[in-house]
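Every number here is computed from the coordinates shown, using simple stated rules; none is lab data. As the structure is a computational prediction, the values presented were derived from the model and not from experiment. Note: ideal-geometry Cβ built from the backbone for every residue, glycine included; neighbour counts use all protein chains shown.
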Amino acid sequence: MAISALQAARKICELSKWTVTNLKLQKILYIAHMVYMGRNKKPLIFEQFEAWDYGPVVNSLYHYVKIFGDQPIKKSIFYDVEDVSNEE
């Protein structure tokens, strides 16, 4: 079952101990999405990636966390995003 890009982003940030920037997050999410699709033959996230100058981007996620610029994303931004278990 696919999850939202925000749910996946929250999990990536948690696993990185909140050291991921927006640019790194987008790249990690794209790789995770492709690996998941390759293994499970279904998408990890609902949203589509767009081709931007610095790589694939989920537009809605970019705008959600862009306030951090090139600094690590902070936990507080995901206060209303449902957590996904490690089993997903």
**Item:** Condition check for GLN7: in contact with a Pro (Cβ under 7 Å, 6 or more places away or on another chain), at negative phi, assigned to a helix (DSSP H, G or I) and not aromatic (Phe, Trp, Tyr)
**Value:** no
**Message:** Name the residue that is surrounded by the most Cβ atoms within 10 Å (Cβ to Cβ), counting only residues in region 52-80 that are touching a strand residue (DSSP E or B) at 6+ places or on another chain (Cβ under 9 Å) and assigned to a strand (DSSP E or B).
**Reply:** VAL57
**Item:** Count of region 30-51 residues which are exposed (fewer than 10 other Cβ atoms within 10 Å of the Cβ) and either part of a loop (DSSP other than H, G, I, E, B) or among the aromatic types (Phe, Trp, Tyr) (or both)
**Value:** 2
**Item:** Cβ pairs under 7 Å, 6+ apart, first in region 2-14 and within 13 Å of VAL65 (Cβ to Cβ), second polar (S, T, N, Q)
**Value:** ALA5/SER60
